[in-house]
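Beneath this line is the structure, given in structure tokens, with notes to follow.
Each reported figure results from applying straightforward, stated rules to the coordinates on display, with no laboratory input. Keep in mind it's a predicted model, so treat the numbers as computed, not measured. Quick reminder, even Gly has a Cβ in these numbers, built from the backbone with ideal geometry, and neighbours come from all protein chains shown.
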There are 2 protein chains.
Amino acid sequence: MSNCQSCPVRGRAICASLDGDELAAFSRMARHQRVPAGHTLIWEGEDVPLIANVIGGVLKLVVAAADGREQIVGLVFPSDFIGRPFGKESPYRVTALTDAEVCIYNRNSFDAFAAAHPHLQHKLLRRTLDELDRARYWMLLLGRKSASQKVASFLLEMSDRLARLDRKEAGFELPFGRQQIADILGLTIETTSRQLTRLRADGIVDLPSRRAVVIHDRDAMERMAG
Amino acid sequence: MSNCQSCPVRGRAICASLDGDELAAFSRMARHQRVPAGHTLIWEGEDVPLIANVIGGVLKLVVAAADGREQIVGLVFPSDFIGRPFGKESPYRVTALTDAEVCIYNRNSFDAFAAAHPHLQHKLLRRTLDELDRARYWMLLLGRKSASQKVASFLLEMSDRLARLDRKEAGFELPFGRQQIADILGLTIETTSRQLTRLRADGIVDLPSRRAVVIHDRDAMERMAG
DNA sequence: CGACCAATTGATTGTTATCAAGGGATGTGG
DNA sequence: CCACATCCCTTGATAACAATCAATTGGTCG
């Protein structure tokens, strides 16, 4: 049985809406699981009866076109939840970018529990509304921004989202390589690489290692992001 | 006071989850309003304390970049709801594409009512999850598809979504002009027009008037959509 | 009929994808 | 500890696609 008391996302995940007895019942339904980097938890089109809370690590949501090109349509961070409650098949693949830890529920049990606990459902609704806003904002980036605007916007958003986890004062470590960045931004790996090189040449960022980023001139970056 | 009994979206909107007394109380909170084509109901950044159900017509959700370029991030059809429950400001503008009719609620009252009626909240959650799936699927189109694939995908989706309203056997009437299509697909008006012309030249569609579309060869269209 | 607006068409430019090759880090086995 | 292989990233040359700039057409309404 999971120990929710020591859970690092206890205060932020949807379970935060549950108290003593409810939490005990909820945690009895849970199965804790490690997901190694690169492993796919859910395949698209599959009717996976599974809901999960992310405890640690980062996962990606991927939609693939018929010809194999991929678009990452969402990133899942600790305290976010994964899966499609209420019985629809998953329209996208869920793959771990780093080693991850999740807390898994059987979907039927989860649905029943949610129906009986309006507070939980309320949290779920709020999170889904937030995700929808984020997805829609990302549509502006994909549809209307140039390559340099995309890369600048991306680095700013990653800086914000990773700051909460990393707590390094200066920079942050991306949980993925160049191809993944390209798949997030709707670009090729070459274009992505060129834009990063240019940002470094202009002194706006430093790239001390493959995945590390230090933003030197945040104002310039925000101007570039459009 | 609104008359929900004769409401054309009675069976499909979120209110479908309410019965006799609940519906009566809910409808006392509602204000029926006409929105003429082109009129903006909600501006981005504004903290509009407003939730609405669409009864008739079509509206668009728009995000604008700093330089004025626009991306349509969602279309709102009858029975869909508009607004951001639970107190966040709207991240996008909501503008009517056609003359529309909506059923408006004060957000605070709506939130309180939703909190007290789990069935309503459940419907809201399901709809929001569906919208999120749709938005994410659209991200593949924006990030990875070519102009011709975008236009073909668009016509197919419009065919599906409008068929439910129109019920014309052969074709359908788009509720918007070329610039709006371009803003949905992340293209310019010229590119959009050229792709439509090419589809007509290839005999795949007919464009009997500015906004009318008849799909002749649906298979070819699906092949094009990628 | 003429004015106006939306859509189309044409010519050209610019950006990004594609194709191709060259670094540079990491890890393994000799 | 070094040679080598591998993987990922970068860089370069070229091509394709869509954006932009610029007219023109066509449909609608006073």
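Tabulated results
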{"item": "For the range A:1-61, projected area of the alpha-carbon convex hull averaged over all directions, nm²", "result": "4.9"}
{"item": "Estimated vicinal HN-Hα couplings, Hz - the range A:64-69 in sequence order (Karplus 6.51, -1.76, 1.60; Gly, Pro = x)", "result": "10, 7, 4, 7, x, 5"}
{"item": "Chain A: angle of helix A:147-166 to the longest principal axis, Cα-based, in degrees nearest 10", "result": "50"}
{"item": "Overall form of the range A:4-131 per C-alpha gyration tensor (a/c, 1.5; a/b vs b/c)", "result": "prolate"}
{"item": "Cα gyration tensor category, rounded, prolate or oblate, for the protein assembly as shown with a/c compared to 1.5", "result": "oblate"}
{"item": "Helix axis angle, B:107-116 relative to chain B longest principal axis, alpha carbon, degrees", "result": "70"}
{"item": "Only Lys, Arg (+1) and Asp, Glu (-1) charged, at Cβ; the range A:4-131 dipole about Cα centre in debye", "result": "180"}
{"item": "Mean residue ellipticity (222 nm) of chain B, computed from DSSP H runs ≥ 4 via -39,500 (n - 2.57), nearest 500", "result": "-13500 deg cm²/dmol"}
{"item": "Phi-based couplings in Hz for the range B:21-30 (Karplus 6.51, -1.76, 1.60; Gly and Pro marked x)", "result": "5, 4, 4, 4, 5, 5, 6, 5, 7, 8"}
{"item": "7 Å along Cα→Cβ, label-point gaps from B:Y137 to other copies, nm, shortest first", "result": "2.5"}
{"item": "Among A:L120, A:M221, A:L185 the positive-end extreme of the charge dipole of the range A:118-226 (Cβ point charges)", "result": "A:L120"}
{"item": "Cut-off 13 Å between beta-carbons: net charge of the residues surrounding A:R127, Lys and Arg +1, Asp and Glu -1", "result": "+1"}
{"item": "Placed amide H near B:V35: partners under 5 Å, 5+ positions off or other chain", "result": "B:A100, B:E101, B:V102"}
{"item": "³J(HN,Hα), Karplus 6.51/-1.76/1.60, whole Hz, each residue of the range A:123-131, x for Gly, Pro", "result": "4, 4, 5, 4, 5, 5, 4, 4, 4"}
{"item": "Sum of side-chain charges, B:G20 neighbourhood, beta-carbon under 14 Å (Lys, Arg +1; Asp, Glu -1)", "result": "-1"}
{"item": "Under 5 Å, built H, 5+ apart or other chain: amide partners of A:L174", "result": "A:A212, A:V213"}
{"item": "Placed amide H near A:L41: partners under 5 Å, 5+ positions off or other chain", "result": "A:V94, A:T95, A:A96"}
{"item": "Other copies of A:T188: label-to-label distances in nm, shortest first, labels 7 Å along the beta-carbon direction", "result": "2.2"}
{"item": "Ascending list, in nanometres, of distances separating the A:R10 label from those of the other copies (7 Å, Cα toward Cβ)", "result": "5.1"}
{"item": "Debye, to nearest 20: dipole size of chain A, +1 on Lys, Arg Cβ, -1 on Asp, Glu Cβ", "result": "260"}
{"item": "Distance between modelled label sites at B:R28 and B:E222, nm, 7 Å Cα→Cβ extension", "result": "5.1"}
{"item": "Cα-based helix-to-principal-axis angle, B:189-201 vs chain B, degrees rounded to 10", "result": "60"}
